[in-house]
Amino acid sequence: MSSNKVLPTKLNLINFKSQLKLIRNIKRLLENKREVLLIYLRSYILEYEKLYNEVNKSLKRAYSSFLQGVVDEGINNTRNIAESQSHSLRVSGSTKVIFGVKIPVVQLDENSIPKKPFSEVETSPYLSQSFDEMREALVKVIQLVELESTIRSLVSELKRTQRLINAIDKSILPFYTSSVKFIKSVLDDKSREEFVRLKVVRRLLQKRRENVGI
């Protein structure tokens, strides 16, 4: 958009000044939103990193115990125990809103996790231990999924907010700023021309009165 295509009138000058003030307020609000989103992001990223490390440790312990249990029980017996279990988990999803951003919420129904089908007396205590550790890890994995989805949503909103700020800085603000300057320049030139014209008319009238007096 070119400011030279704007009609240089006093009404347009008032309108453009008002719109320019509004755009600057919008930019300030967007910048505030960006800062708040960054604060949320830093908080969730720290939480994610902490939980990610916990999940890694839990899974390592679970797999280590499981492998030891397979050694004790044998692969066939371990497979029979695994195949006797339910293969379904109930997970529900919903959304919450954080600073205007829809965030996914993932909830695991822990009652849907199969009960331990054996005791440490019946089988290797390592299998029992691996079951407990895997159950604990599963709950944390679901939390990790939710955190990752939250971070993705916040990053997406942050990028959208930054694009709006960039558009205001690179296109919208320059247009309205230059338009106001252009209109003021044209109106000032017209005002000066009108002032000069009035001075010339006043001088001519004065000379005419002097000639009539003579």
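The values are calculated or read from the model by the stated rules, or taken from the named source; none is laboratory data. Predicted model, so just to flag it, every value in this text is computed and none were measured. Cβ placement follows ideal geometry from the backbone for every residue including glycine, while neighbour counts extend to all protein chains displayed.
A few points about this structure:
- Filter result for the condition that a residue is in a helix (DSSP H, G or I) and among the hydroxyl-bearing types (S, T, Y), over T123, T177: T177
- Looking only at region 16-40, and only at residues there that are within 18 Å of P174 (Cα to Cα) and hydrophobic (A, V, I, L, M, F, W, C), the one that is nearest to the chain's Cα centre (by Cα): L30
- Residue within region 146-156 that is part of a helix (DSSP H, G or I), surrounded by fewer than 16 Cβ atoms within 10 Å (Cβ to Cβ) and free of Cβ contacts under 8 Å to residues at least 24 places away in the same chain present: yes
- Filtering S43, S84, S88, S58 for residues that are touching a Lys or Arg at 6+ places or on another chain (Cβ under 7 Å) and farther than 30 Å from F175 by Cβ leaves a single hit, S58.
- Residue among S18, S43 that is without any contact (Cβ under 8 Å) to a residue 60 or more places away in the chain, surrounded by fewer than 16 Cβ atoms within 10 Å (Cβ to Cβ), among the hydroxyl-bearing types (S, T, Y) and more than 30 Å from T150 (Cβ to Cβ): S18
- Tally of residues being surrounded by 13 or more Cβ atoms within 10 Å (Cβ to Cβ), under 22 Å from V55 (Cβ atoms) and either of a type in the set (S, T, Y) or at pLDDT 80 or above (or both) across region 75-104: 2
So that you can scan it fast, the table gives a plain yes or no per residue for (1) within 18 Å of K5 (Cβ to Cβ); (2) free of Cβ contacts under 8 Å to residues at least 24 places away in the same chain:
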residue: T161; (1), (2): no, no
residue: N166; (1), (2): no, yes
residue: K170; (1), (2): no, yes
residue: V180; (1), (2): yes, no
residue: K184; (1), (2): yes, no
residue: D188; (1), (2): no, yes
residue: R197; (1), (2): no, yes
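- Matching entry among L164, L127, L187 (being aliphatic (A, V, I, L, M) and touching a Gly at 6+ places or on another chain (Cβ under 7 Å)): L127
- Verdict on L205 being modelled with pLDDT under 90 and loosely packed, with under 14 Cβ neighbours inside 10 Å: yes
- Reported count of residues in region 1-15, each being crowded, with 17+ Cβ neighbours inside 10 Å and either closer than 18 Å to I168 by Cα or at pLDDT below 75 (or both), is 1.
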